[in-house]
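Presented below is the structure to which this report refers.
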Amino acid sequence: MRIELDVNGEQLEADVWAGESLLYVLRERLGLPGSKNACEQGECGSCSVLLDGELVCACLVLAAQAEGHEVVTVEGLAGAEGLHPVQAAFARAGAVQCGFCTPGLVVTTAHLLERNPDPSEDEIREALSGNLCRCTGYAKIFDAVKLAAGT
Amino acid sequence: MEVVSPRTLEEALRLRAAEPGLMPIEGGTDVMVDLNFDRRRPVGLLNLNEVPELRGWSRDDGLLRIGASLTYAQVRQRPLADTLPALAEAARTVGSPQIQNRGTLGGNLGTASPAGDSLPPLLIERADVELASVRGVRTLALERFLLGPKRNALAADELIAGIRVRPSGARQTFMKVGPRNAMVIAVVSLALAVDREREELRAAYGSAGPVPGLVTASTGERETFPELVAAAAEPIDDLRGTAAYRRHALRVLVGRALERCWA
Ligand SMILES: Cc1cc2nc3c(=O)[nH]c(=O)nc-3n(C[C@H](O)[C@H](O)[C@H](O)COP(=O)(O)OP(=O)(O)OC[C@H]3O[C@@H](n4cnc5c(N)ncnc54)[C@H](O)[C@@H]3O)c2cc1C
Ligand code: FES
Ligand code: FES
């Protein structure tokens, strides 16, 4: 079936199998591999995107369900002026090791700071609880969130 | 396989009656896992995200009507969270923010897992499930809707339209035992209410029997209530814990919940 999606402000069309997830369509049909595919079961958060401004796992959204709604992926964060402040903070704080979890964490952090520009330690932990990182031990990631909140 | 996205409840019910093989999908947090891992291949999917009648909640003379599409994130918001506090506490323990933004009460009822976290808090408030079909609407006590592990009383042509509940106003809480705070299926869970007005204690356990179960006693039975709840549960040994541990944990949780809600 053919579906039409609004991704990062662009109208895109794709031929999909009806059961395909939004994540699969983004990566394999629309050439947007920023959202990562690790678990396909909502456990790791590496596929986090915004659907009508809400943080969701793209692997758990049926692509056809996103029709008529706005999708923002990590590719949509950076502007003409360069990196999104959250992306810059992750790089500066050394919060990126292998980098696999980074796109999901960047989207999650950008979403957190948009609604809560000065989050407490507990609020940061709760907001990031759906994103797993196997490398950093999270300390530098929390540093990056605080750095981004201050910028 | 096809996806149909009805725009009204009436249209959704007509599609459901015409093709019972279509699998309803709301937040997809259970359905998509099955699709991604090839565990299920329904003939098609009935996307309920565009049905306005399933959204939101309303209050009419003390009776709450909660749409099946209400997400855990919405359950956590006031003023609903003040009206059904144990349900809001349970919603906060579900998965992660991403899961809470998509997962719905209707989906939790549809899956009918013994570990479904919304079920114990709804049981202690004696909630009813509203089931709709082209034949009409019926309501069923949640206790009677839950039939067994992942089995419910939904007929092939029915959809879960919502939940009806008359909030008791009783002090209540929800507790969940698991290996960490985020992203855990309950090893055992408990919702408990101390209802002074009705002089009743109500407890409902999760992950400690084939279905979440409701246990009641009078407020005079406070001392023996932990034992009563532990004895009523029918836990099994599985990957997440043993039956003996679950019974023990339930006894401890009931004691703590009583302390929290007694004042
Ligand atoms: C990472 C992760 C963590 C999770 N953590 C928890 C947790 O902590 N606690 C918990 O309880 N659950 C948890 N879950 C399970 C799931 O999120 C919940 O069961 C959720 O409530 C399902 O809602 P949904 O809207 O996503 O359902 P869907 O996946 O859309 O549907 C679930 C089932 O209900 C049926 N259905 C949905 N809506 C209707 C309707 N209106 N009428 C008839 N049938 C319907 C569907 O056909 C399907 O069988 C978790 C899942 C994931 C992936
Ligand atoms: S790939 Fe979606 S949460 Fe892991
Ligand atoms: S940097 Fe490797 S998983 Fe997070």
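Based on a Kirkwood Rh over C-alpha pairs, give the Stokes-Einstein translational diffusion coefficient of segment A:85-149 at 10 °C and viscosity 1.306 mPa s in µm²/s.
Diffusion coefficient, whole number: 140 µm²/s.
Each label point is 7 Å from the Cα along the Cα-to-Cβ direction; what then is the distance between the points at B:R14 and A:R125, in nm? Result for the modelled spin labels: 5.3 nm.
Bridges between two residues of the protein assembly as shown, per DSSP, are antiparallel at a rate of about 85%. The phi-based Karplus calculation (6.51 cos²θ - 1.76 cosθ + 1.60; θ = phi - 60°) puts the 3J(HN,Hα) values of segment A:127-139 at 5, 9, 5, x, 10, 9, 10, 8, 9, 7, x, 6, 4 Hz, whole numbers, x for Gly and Pro.
Across the protein assembly as shown the C-alpha pair distances fall into 10 Å bins from zero in the proportions 5, 22, 29, 25, 15, 4, 0 percent.
Projected onto planes of every orientation and averaged, the convex hull of the alpha-carbon atoms in chain B covers 13.6 nm².
Using the rule -39500 (n - 2.57) for each DSSP H run of four or more residues, divided by the residues of chain A, the 222 nm mean residue ellipticity is -8500 deg cm²/dmol. Per-residue ellipticity at 222 nm computed for chain B from its helices equals -8500 deg cm²/dmol, with DSSP H segments shorter than 4 residues left out and the rest contributing -39,500 (n - 2.57).
Taking amide H positions as modeled 1.01 Å from N, with prolines and chain starts lacking one, the residues under 5 Å from B:E2 and 5 or more places away or on another chain are B:G44, B:L45. Each residue of segment B:215-225 is assigned a 3J(HN,Hα), and the resulting list reads 10, 10, 7, 7, 4, x, 9, 3, 4, 8, 4 Hz, derived from the Karplus form 6.51 cos²θ - 1.76 cosθ + 1.60 (θ = phi - 60°), x at Gly and Pro. FRET efficiency for the pair B:V252 and A:E114, taken as 1/(1 + (r/R0)^6) with r the Cβ-Cβ distance and R0 = 35 Å, rounds to 0.30.
The alpha-carbon atoms of segment A:3-151 define a convex hull whose volume equals 102 cubic angstrom per residue.
Available extension along the chain between A:C39 and A:W17 is 5.9 nm, counting 0.36 nm per residue and deducting the alpha carbon span. With unit charges on the beta carbons (Lys and Arg positive, Asp and Glu negative) and the dipole taken about the Cα centre of chain B, which residue among B:S133, B:L15, B:A170 sits farthest to the positive side? So the residue we want is B:A170. On a C-alpha basis, how far is the centre of segment B:24-83 from the centre of segment B:171-207 in Å? Whole number, if you could? With segment B:24-83 and segment B:171-207 each reduced to a Cα centre, they are spaced 22 Å. Charges were assigned to the Cβ only: +1 to each Lys and Arg, -1 to each Asp and Glu. The resulting dipole of the protein assembly as shown about its Cα centre is roughly 1140 debye.
Rule-based calculations on the coordinates, nothing more; no lab input. Just so we're clear, the structure is a prediction, and the values are computed from it rather than from any experiment. Don't worry about glycine lacking a Cβ; one is built from the backbone with ideal geometry, like all the others, and counts go over all protein chains shown.
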